[in-house]
Amino acid sequence: MTSRDIFYFFVLFHMLSLSSSSLVKLNNGGYQDIVIAINSGIPENPQIIENLQVNMMKEASSYLFSATKNRLFIKSVKILIPLHWKKNNYLKTRTESYDKADVIVATPHLKNGDDPYTLQYGQCGEKGIYIHFTPDFLVDDKLLSVYGARGRVFVHEWAHLRWGVFDEYNSLSPFYIASSGKIEATRCPIGLKGVYNKEQCTGNGCKCSENIETGLYEDGCVYVPEKNVASKQSIMYLQALPNVSEFCDAQSHNTEAPNLQNRMCNYRSTWDVIMNSTDIQSTPATSNTNIPEPTITLHQASDRVVTLVSDVSGSMSSSKRDERLVQAAEVFIMQIIEAGSSVGLVEFNGAATVISPLVQIITDAQRQQLKGLLVKKASGGTNICAGIRKGFEVNKGTKDGSTYGTEIVLLSDGQDGNFPRACYDEIINSGAIIHVIALGASAASGLENISSETGGAKFFATDNISATGLIDAFASIPSRTGDISQQTIQLESTASTLTSRDCLNGTIFIDKTVGNNTFFLVTWQSAVPNINLQDPKGKVYTAVNFKNDNTAKSSRLEIPGTAETGPWHYSICNGLSSSQAIGIIVTSKAANRNVPPVVVNAHMNQDTINYPKPPVVYASVSQGFLAVINVKVTAIIEDVNGKTETLELQDNGAGADIAKNDGIYSQYFTSFSVNGRYNLKVHVVSRQKNGHLVLPQNRALYIPGYVEDGVITMNPPRPVINEEELVVDPFSRSASGGSFLMSNIPTRLPTDIFKPDKITDLEARIVDTSIVLAWTATGDELDKGTATSYDLRMSINHKDLRENFAGATPVNISSISPQEAGNRETFSFVPEDVVIENGTILFFALVAIDKAAKTSDVSNIAQAALIIPSEPAPTTEPVGDSSDGLNITTITVIVCSSVIVICIIISITTCIVSCQRKKKNPELRV
C-alpha cells in the first residue's frame, strides 16, 4: 500500500467516523431524507400514512423551528411502505431500507402500551439509533391526552435521536427531596405547577401520603401537572402541555432532579447540549419565519435482488482465502438469503465475468443450482469497479430494468489504486445498496466508505483460519424488509484449530422463539471430523446424518420441522493425526410468525476511533422491542493481525454502560495495539431462565392526568403485563458487529493511557446516625482493572459539590481498598460535627484515583435525607352535600361511642359483683 493509498484510506475512515447509519442530511437548516419505515407485520391502514404526513411531520416541523429558536425544520421525509401493501404507484426505494430507518412504526408483541421511545445508548450528545412509534399511537386520538400532539412527541424523540439529550423525568425515581426540604417531582423546570395524587383514584381522599422510611410519597402516587401553565418549558419533560415550546436552559434547569439528563450530561441543561451540537453550530437563527412545509414522499420496495460480486484475483490464493470464500458464500446461498429473493453471481480480477444471472429462489433446487457454480479460483489483478459495474448489469435483470433498491455484496482482498474514484459517480447514481467485506490485511481502502454512502453493511475478516469471521460476515448481511420472521438468526459460531483427537465441545440452547429451518454446519480444513450432536430428548446425530461437501469443506444437517427446544450438546473431534481447523455454525428462523425471536445487534460507538479516544462496544439484546436483561454477553474483537481480545459486556449502569437493566450491554475496549481494521463479534447465552424482558427506557412520559380549573382529570392507567410473559427461556445467540478502524495509535503505547472512569451510580441514605453509601467500582483504566483509592466529599449544598468539589468537606475513606471494576462498593460512617435529625439533608460525591495519580471526573451527586412525616391531624369529613342523612363518618363515631359506653357499664357491673363474692369467700392462703 503506497503512502498515497494510506492517506486516502484514513481520510475515508475519518469521514465514516462522523457518520451514522442514518442517511439524514442537514441543508440550510432543513433536515432532508428522514426515513420512516412501516414494519411488514402491520396490516394495511391508510390512516397511518395520513397521520404521519398531516398530523405528525407537518406539525413537528413548525414546532421544531420554534423550539430551536428559528433554526431547524423538516425539509423532506420518505415513508417506506411494506411490500405486502397493495401497489399504489409508490416510488421505488433506492438506498433507503427498514434497517437504516430513522423512525420505525411497529406493533409490540406484548400489549405493553403505546409509549413512543428512542433507542439510545450513547453518551451525552451522541446520536441514538431509531425512534419507535406504534400504529395505535398514530391512529388512536384517545392517546393524545396521554402523550400530547404527535408532532410535539416527534420533536421530543428527535432530541433524543439527533442531539443525544435525555429525559428530565425518571419513572424509577419520580420524587426527590429538594434542598428546601420539600418533596418535589423529578422534573424541569421545578416551578412547573401540579398536584400529587394517587394514580388510580378520583374524588376525595386521593391525596398522597408520605412513606415514613423514605420521606417521599408512597408508591402509587403520581404528579399531575396543571394543563394551562404559563411556563414554556420543557419539551424533554412535558411536551404535551399547550404552552410548552422550549427546552430547559441554564436559567431554568433543575440540577437537583435525579434524572438521566443530569447524570449523563454532568448537570447541563438540555438546551445547552443541543446548542453545542453540530446542527445548531452550523445553522444560525433566521429572521424569516416562513419555512416550507415538508415534502413527504411514499416509497415501496420490490422483492429482494442481490448479486454476489467476488474477488478472484491472484492474492485470493493466500491463506486459503479462495477456499474460505466458497465456504462462506455457500452458507449465504443455502441458509441466509430469504426465499423469494433473486440472486446473481459475478467474479472479478483484472476484468469481471457474470457467473449467473438473477435466479429467483423458490425451492431448494435454485439454491443448489447457485451453490454448484461456486468454484475455488485465484489469478490476475484487481479491478473492483469492473466487478461493481458487472453487478449492476446483473441487477438490471429485473422487470423494470433498474438498479434502484437492489443490493451488491462485494468481497475483495486486494489493492486497487483506482477504487472508488473510477466508479464513484456510477455507484452513487445507481440507487443500489453495497455491502462490503474486506478480506485480509491489504483489502482496498475505500470499501467501507462506499458502504456508508449507499446504506450498506461493512465487515472485515482476517486470515485467521481458526476464526469464522468470513462466514459471520455473510450470515450478518441484513435483510431490508424488517420481516424478522423470515430472517436467519445465528445461534452459534465458533471455531478452533484442533490437534489430533482433540475436540470442540459446547452446548447450544434453542428456545421457543426459534426452531424453523434450523441448520447445524460443521466446517473443516482437511477431512470430515467425528461429529456427535445430541438433541434435548437424547437423539444423537453423527457425521453419517450430515451432508458432506468436499468443495465447500463443510458438513450440513438440517433439522426437519421445528427443532426441539432446550440444550443441544455437541462434540466435534479431529480424527486426523495432524491438526486442522474445525468450526460449527448454527442458524435458525422464527418458530412462529407472530412471536418475534430474541435477537442481538452489536456495534462500536464509531466506525473509526482516533487514539486516544476510547472505543466502546455495544450489544443490544431484545425480543420484539422489549429489552432482554440478566444474560451473559461476551464480545470478541479481532485486530488486523488475527489477535483477539475477549470482553464481558455489562448492563449495570456503570462505566461505559449508561443505564442499568436496559438490555444494552457495554464495555470499553482498551487493549488495542495496532492501527487498521478490527472486527467485532458477540455471543449471548441465557441459562436457567435468568433472562427477563423489560420495557425500553427513554420513553415519552405517560401523563397520568391533568389539573384544569382546579379539577383533576386522570387518564386511564398504563397497561400491565403479566409477569409470566416477561420470562425468557434459555437461549444462545451469536452475531457479527461489523468492522471498525483504529488510527493514530503510536508504535509504543504509554503504560497508563486512561484515567479511571466516572462513577455514575453513587447512592446515599441515612440509617440511624450513620450515612451509608454504595456505588459500582470503576477501574484503573476507565472500567478495567482496579483503582488505587477514592476521594469522598460531602456538603449541605448540592451546588458546592458540583462547582467546587475540592472545596467541599472531605470524608476519611482510607479504610476502603477499591475492588476490581464492576463490583459493588459500600461504605458507612458517622459524620463529625453533623447531628442527624429530622430535616437533615446531605450531599455526597467522590472520585477514583489510579496508580499514576490520574483522577476520574466527579461522580454523580447523591443525596441522603432524613425527613420524618408529621402525624396528620385528625379530621372529620363534612356531611356530603348530596345526602340528607348521616354520612359514614358520623355513623361510625356514634356506633363507636355507644360500644365504649356499653363496655364501661359492663366493666363496672362485673367489678361490683366480683367484690361481693370475695367478701363471702375469702382466699385460702397456704
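The values are calculated or read from the model by the stated rules, or taken from the named source; none is laboratory data. Nothing here was measured: the structure is a model prediction, and the numbers come from that model. No Cβ is skipped: glycine too gets one built from the backbone with ideal geometry, and neighbour counts run over all protein chains shown. Remember, those area values only see protein heavy atoms, side chains included, never the ligands or the DNA or RNA. Shrake-Rupley method; radii C 1.70, N 1.55, O 1.52, S 1.80 Å.
Looking at V153, V139, can you tell me which residue is out of contact with any Gly (no Cβ under 9 Å at 6 or more places or on another chain), touching a residue at least 12 places away in the same chain (Cβ under 8 Å), open to solvent by 10 Å² or more (accessible area, probe 1.4 Å) and among the aliphatic types (A, V, I, L, M)?
Values: V153 fails: open to solvent by 10 Å² or more (accessible area, probe 1.4 Å).
Residue meeting the stated conditions: V139.
Among the residues of the range 67-108, write down those that are among the basic types (K, R) and over 22 Å from P43 (Cβ atoms).
K69, R71, K75, K92, R94, K100 - these are the residues of the range 67-108 that are among the basic types (K, R) and over 22 Å from P43 (Cβ atoms).
Kindly provide the set of residues from the range 826-863 that are acidic (D, E), on the phi < 0 side of the Ramachandran plot and surrounded by fewer than 19 Cβ atoms within 10 Å (Cβ to Cβ), ordered by number.
Filtering the range 826-863 for residues acidic (D, E) gives 832-833, 837, 850, 857.
Those still in the list that are on the phi < 0 side of the Ramachandran plot too: 832, 837, 850, 857.
Hits for the range 826-863 are E832, E837, D857.
Tell me whether the range 491-500 contains one or more residues that are of a type in the set (D, E, K, R), modelled with pLDDT of 95 or more and in a strand (DSSP E or B). Walk me through how you get there before you give the answer.
To start, the set of residues in the range 491-500 that are of a type in the set (D, E, K, R) comprises 492.
Next, from what is left, pick out any that are modelled with pLDDT of 95 or more: 492.
Those still in the list that are in a strand (DSSP E or B) too: 492.
Within the range 491-500, one or more residues are of a type in the set (D, E, K, R), modelled with pLDDT of 95 or more and in a strand (DSSP E or B).
For the range 611-619, check the following and say yes or no: at least one residue is under 33 Å from the mean Cα position of the chain (by Cα), over 27 Å from I333 (Cα atoms), crowded, with 16+ Cβ neighbours inside 10 Å and modelled with pLDDT under 95.
There is at least one residue in the range 611-619 that is under 33 Å from the mean Cα position of the chain (by Cα), over 27 Å from I333 (Cα atoms), crowded, with 16+ Cβ neighbours inside 10 Å and modelled with pLDDT under 95.
Can you pull out every residue in the range 708-736 that is surrounded by 17 or more Cβ atoms within 10 Å (Cβ to Cβ), in contact with a helix residue (DSSP H, G or I) (Cβ under 9 Å, 6 or more places away or on another chain) and closer than 30 Å to K207 by Cβ?
N715
When only residues in the range 319-344 that are without any contact (Cβ under 8 Å) to a residue 40 or more places away in the chain and either aliphatic (A, V, I, L, M) or part of a strand (DSSP E or B) (or both) count, which is nearest to G391 (Cα to Cα)?
From the range 319-344, those without any contact (Cβ under 8 Å) to a residue 40 or more places away in the chain are 337, 340-341, 343; that's our starting set.
Subset that is either aliphatic (A, V, I, L, M) or part of a strand (DSSP E or B) (or both): 337, 343.
Values: I337: 17, V343: 11 Å.
Top of the filtered list is V343.
When you look at E781, is it acidic (D, E), farther than 30 Å from T587 by Cβ and surrounded by fewer than 22 Cβ atoms within 10 Å (Cβ to Cβ), yes or no?
On the way: acidic (D, E): yes; farther than 30 Å from T587 by Cβ: yes; surrounded by fewer than 22 Cβ atoms within 10 Å (Cβ to Cβ): no.
When the stated conditions are applied, E781 does not pass them.
Go through (1) within 30 Å of K643 (Cα to Cα); (2) in contact (Cβ under 8 Å) with a residue 60 or more places away in the chain; (3) outside any loop (DSSP other than H, G, I, E, B); (4) open to solvent by 10 Å² or more (accessible area, probe 1.4 Å) and name the single condition A438 misses.
(4)
For the range 812-863, how many residues meet the condition of being among the acidic types (D, E) and touching a Ser or Thr at 6+ places or on another chain (Cβ under 8 Å)? Break it down stepwise before answering.
Initial filter on the range 812-863 (among the acidic types (D, E)): 820, 825, 832-833, 837, 850, 857.
Those left that are additionally touching a Ser or Thr at 6+ places or on another chain (Cβ under 8 Å): 820, 825, 850.
Count: 3.
Check the range 737-756 and report whether any residue there is within 28 Å of P258 (Cβ to Cβ), open to solvent by less than 60 Å² (accessible area, probe 1.4 Å), at pLDDT below 90 and not small (G, A, S).
no
Scanning for something part of a loop (DSSP other than H, G, I, E, B), at pLDDT below 95 and open to solvent by 50 Å² or more (accessible area, probe 1.4 Å), does the range 652-668 turn up at least one residue?
Within the range 652-668, one or more residues are part of a loop (DSSP other than H, G, I, E, B), at pLDDT below 95 and open to solvent by 50 Å² or more (accessible area, probe 1.4 Å).
Inside the range 711-785, counting only strands (runs of 3 or more DSSP E) that do not spill past its ends, which hold 3 or more residues that are hydroxyl-bearing (S, T, Y)? Break it down into steps so the answer makes sense when it comes.
On the way: elements: 711-714, 731-743, 763-767, 770-776.
Result: 731-743.
Any residue that is within 30 Å of Q120 (Cβ to Cβ), touching a residue at least 40 places away in the same chain (Cβ under 8 Å), among the polar types (S, T, N, Q) and surrounded by fewer than 22 Cβ atoms within 10 Å (Cβ to Cβ) - is there at least one of those in the range 287-295? Before you say what the answer is, go through the steps one by one.
In the first step, residues of the range 287-295 are kept if they are within 30 Å of Q120 (Cβ to Cβ); the result is 291-295.
The next check asks that each one be touching a residue at least 40 places away in the same chain (Cβ under 8 Å); those that pass are 291-295.
Within this subset, residues satisfying the condition of being among the polar types (S, T, N, Q) are 295.
After this cut, where a residue has to be surrounded by fewer than 22 Cβ atoms within 10 Å (Cβ to Cβ) as well, the list is 295.
Within the range 287-295, one or more residues are within 30 Å of Q120 (Cβ to Cβ), touching a residue at least 40 places away in the same chain (Cβ under 8 Å), among the polar types (S, T, N, Q) and surrounded by fewer than 22 Cβ atoms within 10 Å (Cβ to Cβ).
Name every residue in the range 449-466 that is of a type outside the set (F, W, Y) and either closer than 17 Å to F332 by Cα or in contact with a Phe, Trp or Tyr (Cβ under 6 Å, 6 or more places away or on another chain) (or both), in order of residue number. Walk me through how you get there before you give the answer.
The first filter runs over the range 449-466 and keeps only residues of a type outside the set (F, W, Y), leaving 449-458, 461-466.
Passing the criteria: G456, A457, K458, A461.
So Q415 clears everything in (1) in a helix (DSSP H, G or I); (2) closer than 16 Å to S315 by Cβ except one condition, right? Which one?
That leaves (1) as the condition not met.
Looking at the range 541-559, which of its residues are part of a loop (DSSP other than H, G, I, E, B) and either open to solvent by 30 Å² or more (accessible area, probe 1.4 Å) or under 18 Å from K320 (Cβ atoms) (or both)? Show your work before the answer.
So the first thing to find is which residues in the range 541-559 are part of a loop (DSSP other than H, G, I, E, B), and the list is 546, 550-553.
The answer is N550, T551, A552, K553.
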